[in-house]
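The values are calculated or read from the model by the stated rules, or taken from the named source; none is laboratory data. Here the structure is a predicted model, which means the values were calculated and not measured. FYI the Cβ positions are ideal-geometry reconstructions off the backbone, even for glycines, and counts take in every protein chain you see. Keep in mind that these areas ignore ligands, DNA and RNA; they rest on the heavy atoms of the full protein, side chains included. Shrake-Rupley method; radii C 1.70, N 1.55, O 1.52, S 1.80 Å.
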Amino acid sequence: GAFSAQAAVALENAMLFQQTLEIRNYLESILASIDHLVLTLDEEGRLVTVNGNVEPVFGLNETTMRRLPVDEWYSGENAEFVRSVLRVYSDPAPQYVTDATLKTGERSISVNYHVVPLLDFEQEQKGVVIVLEDITREKRMLTTLTRHLGSEVAQITLQDDQAQLRG
């Protein structure tokens with residue numbers, strides 16, 4: 001009787017573990033397919049997961065970002081980004097910022113970013129999720145098109161995937 005019960009519990013635990021691994025692999029596959037940079041930070045603001053190369057955006061390697069909290073990633077020139085992230089820790093209202101400029105050394109990139117609380121199954125905050133969209137290329141194209149076509153035509157051209165410029 002007792003042995004059967006222990007065997008049943010062990011079998012159930014093995015099946016739950018298998019399901020957990022499958023869900024993890026499923027979520028990692030989804031994350032890998034996303035073009036935007038997606039980061040999760042723990043309660044102390046340190047990097048936990050990321051789906052791409054962080055160095056071009058933050059000027060730091062992944063190992064350093066796992067060691068340092070978010071408020072030490074940047075100097076004062078990117079203070080608004082850091083404030084947006086820290087704000088979600090104190091007030092779990094999502095932050096969405098469009099057309100922000102992040103500077104790393106000599107390089108600067110244009111981004112849209114979204115910061116939302118990372119909640120566990122009991123809806124307790126366990127950190128934050130940051131989604132960064134690099135819009136540097138699109139912004140450069142818009143500037144060039146605006147110079148030649150005017151602002152309205154340039155916006156329509158970039159928004160419509162079917163739009164074609166003809167001579």
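Summary table
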read-out	value
Filter result for GLY52 (at pLDDT 90 or above and among the small types (Gly, Ala, Ser))	no
Matching residues, the range 1-37, being at pLDDT 85 or above, outside any loop (DSSP other than H, G, I, E, B) and either acidic (Asp, Glu) or within 19 Å of MET65 (Cβ to Cβ) (or both)	GLU12, LEU37
Some residue of the range 59-68 being surrounded by 14 or more Cβ atoms within 10 Å (Cβ to Cβ) and of a type in the set (Asp, Glu)	yes
Among (1) of a type outside the set (Val, Ile, Thr); (2) at pLDDT 90 or above; (3) open to solvent by 70 Å² or more (accessible area, probe 1.4 Å) - the single one PRO117 does not satisfy	(3)
Number of the exception - THR104 against (1) modelled with pLDDT of 85 or more; (2) open to solvent by less than 40 Å² (accessible area, probe 1.4 Å); (3) of a type outside the set (Asp, Glu)	(1)
Count of residues meeting criterion [crowded, with 17+ Cβ neighbours inside 10 Å and over 23 Å from GLN123 (Cα atoms)] in the range 70-101	5
Residue check, VAL115 of a type outside the set (S, T, N, Q), under 17 Å from LEU41 (Cα atoms), out of contact with any strand residue (DSSP E or B) (no Cβ under 9 Å at 6 or more places or on another chain) and in contact (Cβ under 8 Å) with a residue 12 or more places away in the chain	no
Qualifying residue in the range 38-48 (condition: open to solvent by 70 Å² or more (accessible area, probe 1.4 Å), assigned to a loop (DSSP other than H, G, I, E, B), touching a strand residue (DSSP E or B) at 6+ places or on another chain (Cβ under 8 Å) and touching a residue at least 12 places away in the same chain (Cβ under 8 Å))	yes
